[in-house]
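To start, the structure itself, in structure tokens.
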Amino acid sequence: MTNPMPHEVAKLVPAKGNINGNTMDAYKKDYETSMEKNDEFWSAKATEILDWMSPFTKVCQGSFERGDIAWFVGGKLNLCYNAIDRHVLNGKGDQVGMIWEGDEPNDTRQITYQEMLNEVSQITNALKSQGVRKGDVVTIYMPMIPELAFTMLACARMGAVHSVVFAGFSSEALAQRVSAAQSKFVVTADKGKRGGKDIPLKKIVHDAINKMDCQEIVEKVLVWERFYDPASTEAPFEMDPKDVRMNPLVAVQRPYCPPEVMDAEDNLFLLYTSGSTGKPKGLVHTTGGYSLYAAYTTKTTFDINEGDIFACVADCGWITGHTYVVYGPLLLGSTTFLFESTPVYPDPGRYWDMIQRHKITQFYTAPTAIRLLMRYGDEIPSKYDVSCVRVLGTVGEPINPEAWRWYYEVVGKEKCTIVDTYWQTETGGHIITNLPGVTDMKPGSCTLPVPGIDAVVLSAIDGHPLTDADKDENGNLEGVMAIRRPWPGMARTCLGDHERYLTTYFKPYPGYYFTGDSVLKDKDGYHWIIGRVDDVINVSGHRIGTAEVESALVAHPAVAQAAVVGEPHDIKGQSICAFCMLTVGYDESPELLKELKMAVRTGVGAFASPDHIVISPSLPMTRSGKIMRRILRKIVSNEADSLGDTSTLADPSIVDTLIAKFAELK
Ligand code: WTA
């Protein structure tokens, strides 16, 4: 007998910690208003949450079909001004805006809003002095130090478009992103520190700018020093001709720089993300809509109040770091927390120790970290006083009910709200989540849509919006997750390829934004995200495109064809299993397997390295030459007994060979 699905056994856990008097009735009313009077709803939020230099004249225009959505048309504002200056002007200059904790627990920094204003202004002036202009793309490849967030804010201040590349990506992957964005400037650090180890970021950038056409594109590499010594006149790293030392350059700048007047629809940042085919997509977010959506969702989902200390431990290289480490909390004038290290360094009590020491009130991490920490036992969190925390958040993948329970019972002592926040790089901020004090929880469900989000479940077969008539005998609907109308935080295009934006998100189901996820909506209207319907793999909450990993594998001369699928993994959620067909003349050997893993490390990054590689004489292909990944997915999920129809395969006998080879690995 198979285990029951989480939604079949889930019991409601009453909403916790209602400190602002928010109620379910108020949520329902808010949601209804947002649907009936969408423009008024967002217009009121935009005026209440942001300061505008000139008011907008139209709330929203454009259509999904044309992909020309624009929000707060004609409005002018500056995100950095909203995130820093206005708090200083409102008398909060002395409030700590950011707490940073480095790799070593005693390496911490507290930075006030006033200090941030001065430092970010200096960085902006430094960028300008090096030729950066409004609209230029600045690639940021940095460790999790305050200067990373400040460089992002400095770009926003002057209207440069930042493109943060996660510092776990290889030089190859970095070069691809620099080249695709034609980014003339790269900002990095001489090194990063994680788990006691140095990461040679500057060297990786050096390698990257010698690849592809980056030598022609990149004009300057601006290098921060991880441990800057103002007395040193020599750089602690090898200077290349394009390098500029950031710290001494910044130190001599004027500590004020006027914020640029930006149109609501001016590009704010680019973030590359993976899809199922082709190269990574450079998703573009714009100034007004994104700022509003970041601030609004941070406020409602985490129930932020005056004096709160908000800690999101995601990396700024991903969207979660953009919205919930940097922009959301600072726009609200809250105190944000920036974390450089890992959950297990120097020991697996690190998170709970940080919560206790810094009096963190909201804590936000990923299911993979919770599953990892669970393994070390209940005694570890119990050693710390984490009673200051009110909201515990999760993001990145569906959370399994066991991990949810552990987070709720062992970490939160049944006193905190667990917010299960479902969203994507494309959505800018949360789209489906429970709200503290409002929504009763069900372990494993992200629950109900955020007000303003017209969430719809569509039939995967013919695309019609599912209704009561489609419910199964238990009252469930199952289909794909879509959104029926625009929202301010949505990405506006894929840089340099608008057609791809339309094809990926709006053409599959005309009239809807398509998330790429499948979902079950239960009888209470609660959403349970099942997973991606495309070939995107989610390893430890890192979104990885199969195409990128496969092209790294076939770049090795031994590999003629490769197909990569996600394999269930206890901690990472999914790990990568690669099926490779070798070129004639190559044979399987332990050395070759090592080389292939290395090929992925250098082509994409260590975090995308396959756990398993199956070498096989051929791959399951249709007669027209299309690889049937569906079959590979079943094999790695130990569901080979329900493979479905294999008669369309050119060589159905390959399936048994693959099953046997995969079983040998286990
Ligand atoms: C998955 C990360 C279930 C989903 C913010 C989505 C989730 C992809 C959840 C986006 C959640 C994210 N429950 N699945 N709470 N949050 N996902 O762009 O498959 O890196 O499409 O954004 O992560 O990943 P991305």
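The values are calculated or read from the model by the stated rules, or taken from the named source; none is laboratory data. Everything numeric in this text was worked out from a predicted model, so none of it was measured. All Cβ positions, even for glycine, are placed from backbone atoms using ideal geometry, and neighbour counts span all protein chains on display. With ligands, DNA and RNA removed, areas are computed over all heavy atoms of the protein, side chains included. Shrake-Rupley method; radii C 1.70, N 1.55, O 1.52, S 1.80 Å.
Listed values, structure above:
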| read-out | value |
| --- | --- |
| Structure-based [θ]222 nm, the chain - -39500 (n - 2.57) summed over DSSP H runs of at least 4, per residue, nearest 500 | -8000 deg cm²/dmol |
| Distance in nm between pseudo-label sites at residue 53 and residue 626 (7 Å out along the Cβ direction from Cα) | 5.0 |
| For region 534-654: relative contact order, % (alpha-carbon pairs under 8 angstrom, 6 or more apart) | 24 |
| Flagged links, alpha-carbon separation over 19 Å, of 202/242; 45/76; 415/442; 415/523 | 415/523 |
| Heavy-atom accessible area per residue - region 206-259, 1.4 Å, Å² | 57 |
| Calculated FRET efficiency for the pair residue 25/residue 595, C-beta based, R₀ 56 Å, to 0.05 | 0.35 |
| Lys/Arg +1, Asp/Glu -1 at C-beta; the chain dipole; positive extreme among 91, 592, 479 | 91 |
| FRET E, pair residue 388, residue 665, Förster distance 45 Å, beta-carbon r, rounded to 0.05 | 0.50 |
| Size descriptor, Kirkwood hydrodynamic radius, that averages inverse alpha-carbon separations across region 69-133, Å | 14.0 |
| Protection proxy ranking of 576-584, 86-94 - average other beta-carbon atoms within 10 Å, highest first | 576-584, 86-94 |
| Per residue solvent-accessible surface (Å²) - region 558-630, probe of 1.4 Å | 45 |
| Cα centroid of region 132-192 to Cα centroid of region 443-458, whole Å | 33 |
| Local net charge near residue 431, Cβ-Cβ under 11 Å (Lys/Arg +1, Asp/Glu -1) | -3 |
| Where GluC sites (Glu not before Pro) fall in DSSP loop in region 389-494, at most 11 other Cβ within 10 Å | 414, 473 |
| Qualifying aspartates and glutamates (Cα of each under 15 Å from Cα of residue 28; at least 8 residues distant if same chain) | 36, 440, 454, 524 |
| Cα-only Debye scattering, the chain: base-10 log of I(q)/I(0) at q = 0.05 Å⁻¹ | -0.22 |
| Cα-Cα over 27 Å, subset of 29/92; 16/58; 37/299; 197/594; 220/299; 211/507 | 29/92; 16/58; 220/299; 211/507 |
| Heavy-atom accessible surface of region 220-357: percent carbon and sulfur, 1.4 Å | 54 |
| Charge context of residue 375, other residues only, Cβ under 12 angstrom, K/R +1, D/E -1 | -2 |
| Dipole magnitude of region 454-528, debye to nearest 20 (Cβ charges: Lys/Arg +1, Asp/Glu -1, about Cα centre) | 420 |
| Residue order for 442, 594 - accessible surface, 1.4 angstrom probe, largest first | 594, 442 |
| Alpha-carbon centroids, region 640-663 and region 395-429: separation in whole Å | 37 |
| Theoretical FRET efficiency, 1/(1+(r/R0)^6), r = Cβ-Cβ of residue 469 and residue 12, R0 22 Å, to 0.05 | 0.25 |
